[in-house]
Amino acid sequence: MSDTIAIRGARQHNLKNIDLDIPRNCLVVITGPSGSGKSSLAFDTIYAEGQRRYVESLSAYARQFLDLMDKPDADSIEGLSPAVAIQQRGIPRTPRSTVGTITEVYDYLRLLFARIGTPHCPICNQLIVRQAVAQIVDRVLALPEGQRLQILAPLIRNAKGTHLSVFKQLRQEGYLRVRVNGEVVSLDSNINLNKNTAHNIEAVIDRLVVRGNMAARLADSLETALDLANGTATLDIIDDEEWTFSTRFACTEGHFEIEELEPRLFTFNSPHGACPTCSGMGTVFDKADTSDEAREKIELFMRGQTCPDCKGTRLRPEALAVTISNCTIADIASMSIAKIGQFFQTLNLKNNAAEIAAPLIREIENRLAFLTDVGVGYLALNRMTATLSGGEFQRIRLATQIGTRLVGVLYVLDEPSIGLHPRDNRKLINTFCNLRDLGNTVIVVEHDREAIEMADHLIDLGPGAGERGGKIISQGPPETVIADKSSLTGNYLSGRKTIPPPPDIRQPRGHLSIKGASGHNLQNVNVDIPLGVFVCVTGVSGSGKSSLINHTLYPALARQLHRANTEPLPHKTIEGVAQIDKVIRIDQSPIGRTPRSNAATYTGLFTAVRELYAQLPESRVRGYGPGRFSFNIKGGRCEACQGDGVRRIEMHFLPDVFVTCDVCGGSRYNRETLEIRYKGSSIADVLNLTANRASTFFRNIPAAQRQLKSLADVGLGYLRLGQPATSLSGGEAQRVKLATELARTATGKTLYLLDEPTTGLHFDDIRVLIEVLDRLVDRGNTILVIEHNLDVIKRADWVIDLGPDAGENGGNIVATGAPETIAEVPSSHTGRFLKEILTATT
């Protein structure tokens, strides 16, 4: 096989007919400014062709279940292997998908509990042990010789009634005695029981004296009792204790019975294991007349009540009655990945259990180690995947792929370092190297400095974004690109270009004070947030940043300032709210969940464009108003696709597939609407323009210029106005929101909350972003950013560092102050890395 992936004449999207030889079995990093063509090369060309060829090699039967990707626009691509893409998008939104299920750790746990788990009665907590008749006989024969005993068959346990039918049946079957409420009486006597009192009734099967030759008779009597009492027998040792035996997994007191232990008993995605009250969801909602499928979808966006029966564990009582080392499977699933590793390291199993469990525990520990290595050791197995960030989900998939130990595969990854603290970066990079060392080719689209410097081969695209990108600026070992002065990436890596620290620290105009924040892993946190300045919240992944800002501060402020129906995590008070008039959170959630949503509609730009087209002479002649140029209402849109431009094909258990509408060709509009033109362009042509080109196209339209300028200011000048929201990365969606806020008239008393706005940004894009954020602060607003990027942190006026570690070991304020102050705190992981970069730039 060729030792390179040879690409000739690649023209996908904005790629400029590039020729490229990528070494195989290497760690290859593709970098460059946002919109320069990195994803077009890595995913839309290399991965798409590798996947397409692999699917084409399968049988016609197999191909009908798989989505055959379009052939990329390139003259030739040689040397490809079967390809696997690990991207930020595509997170399963079903509430039934958890970290444990997608990593398969939970599957191994289910098997482990089915093989060595110990059932208990959830009512009396009695150990449930199934015994064979031979085992019972051996135990009885171990009693002292001459000991008197009687064998009983429990028929009625603590039940009201006269139970005349029971006595009648026993007489017909030839039994002579019965024990009623502890007293042995003859069945020939007249037994009258109070129907309003609970009674215990046991048939006397045999009376015995322990002798060495009684084994056969004892076994026969036990089998009779077990058969009569449905698998349960009581041995009354005269003048001593009583023993109760069961050949089934049943409580000897009759409270509880469990079926044969099988893996399906421990899954909430099967009726055999799911809690019957909540159907395995863990929460209960008002019973609406909707299908199960529809209910699952709306439950993602609704706040239900914890199921009163399973207490949110999702499992039925029988599954929760089984333990290993006093822990149920739900207890283990609620632990962090790091803590589960500790649990298995200290687990002490004996005899057969240790032998049976060894291979299962080995597989579990391997997967837990991979998850820890990629920096998600703070997550719990029962965490829903729908609540994960794009970076977290991508790293979990990466850990899963490492666990498969495939060889000869082409892996393509999209910025896996997103959301990862510099402390954990080296572990992540080591996982790339492990994949490579197994004999795979690993191609990573990445902006992280350390990942770039660790690459075997670096490809730098540029020089700009959109139409100004799509060229190979420099390639080779990292030192080659670093030495290349024509490479923007190389200039930043070498220090020829830098993001300088702020000229001076701005002084706050007040404070917001959070008191007693204790949600999730927060340890009763008290912290002051200065207002009117640029504030960074830092800390390792899982240290409590999102819990403090996104889930405590923001919901509380939104409820007070905007009467939002949001519920913050537990805290005592938030003081100083009167100093701000609104709070705006700009996160990485999609700006829309369907192809109808795009940057033009979200920013309000499209309203100005539609009004412009409605004022054209031809529109007035035809009587077209602004609504004619909307693809969301009837009239001007294509009705075949209802203005989507694509048709959605539901794949049920797979993500929906979107195909271009064959009536309008993806234009979204009907023929009559497309006949209206401004400067020779239809409304569909306008949606196809990039923000930069649209700015020139609408240079004389002030109503459109404000939004277009703000898109360019946040580095999205390359974005097509009509690009569907479903195709935007989390970082792009966040910058669209930021551009929308920039275009508005600020009051000067706004608190902006941003969650990792550097996602998907090149060094030079970060410089532009910081200028935008500084502009908002200079207007009197407060910028509060959750961030790991050191270039952003060093530009902050104030830093709040959480930690010191993740999960249970986090949730405390490690340090607060100017970046230089944080850099001098020995216990701060952020400070250690911050000190290095501050030293390098001074």
Requested in this report: Give the shape of region 675-733 as rounded, prolate or oblate, defined through the alpha-carbon gyration tensor: a ≥ b ≥ c are the square roots of its eigenvalues, a/c under 1.5 means rounded, and otherwise the shape is prolate if a/b is larger than b/c and oblate if not.
Outcome: oblate
Report task. Would you mind counting up the charge near Val481? Only other residues with Cβ under 11 Å from its Cβ, with Lys and Arg at +1 and Asp and Glu at -1. Result -> -3
Requested in this report: Find the relative contact order for the chain and round it to a whole percent, using C-alpha pairs within less than 8 Å whose residues are 6+ positions apart.
Outcome: 14
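Just need the relative contact order of region 592-727 here, percent rounded to a whole number, with Cα pairs under 8 Å and 6+ apart.
Relative contact order here is 29 percent.
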**Report entry** region 716-842 shape via C-alpha gyration tensor axes, a/c threshold 1.5
**Finding:** prolate
Requested in this report: Taking DSSP loops as anything outside H, G, I, E and B, show the longest stretch in the chain free of chymotrypsin sites (Phe, Trp or Tyr not before Pro) there with at most 12 other beta carbons within 10 Å.
Outcome: 302-652
**Report entry** Formal net charge of residues neighbouring Arg217 (Cβ-Cβ distance under 12 Å; K, R +1; D, E -1)
**Finding:** -1
Report summary line: Using alpha-carbon positions, the gyration tensor of region 380-525 gives root eigenvalues a ≥ b ≥ c; with a/c under 1.5 called rounded, otherwise prolate if a/b exceeds b/c, else oblate, the class is oblate
Query raised in the report: By the scheme Lys and Arg +1, Asp and Glu -1, what is the net charge of all other residues having a beta-carbon under 13 Å from that of Thr98?
Result: +2
**Report entry** the chain - mean residue ellipticity at 222 nm from DSSP helices (-39,500 (n - 2.57) per run, n ≥ 4, rounded to 500)
**Finding:** -9000 deg cm²/dmol
Report summary line: For the Glu672, Gln615 Cβ pair and Förster radius 22 Å, calculated FRET efficiency rounded to 0.05 is 0.80
**Report entry** Label-point gap, in nm, between Arg405 and Leu561 - each point 7 angstrom along Cα→Cβ
**Finding:** 5.4
Requested in this report: Restricting to the chain, compute how many DSSP beta bridges are antiparallel as a %, nearest 5.
Outcome: 65
Query raised in the report: Contour minus end-to-end for Asp504 and Arg8, with contour as 0.36 nm per residue of separation and end-to-end as the Cα-Cα distance?
Result: 173.5 nm
Requested in this report: For Ser494 and Met214, calculate 0.36 nm times their separation in residues minus their Cα-Cα distance, and state this gained length in nm to one decimal.
Outcome: 91.7 nm
Requested in this report: Would you work out which of Ala215, Gln147, Thr232 lies farthest towards the positive end of the dipole of region 133-246, given +1 charges on the beta-carbon of Lys and Arg and -1 on that of Asp and Glu, about the Cα centre?
Outcome: Thr232
Query raised in the report: Per residue and in Å³, how big is the convex hull formed by the alpha-carbon atoms of the chain?
Result: 230
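Laboratory data are not the source of any read-out in this text; all were calculated from the coordinates shown. Keep in mind that what you see is a predicted model, and the values were worked out from it rather than measured. Every residue, glycine among them, receives a Cβ derived from its backbone with ideal geometry; neighbour counts consider all protein chains shown.
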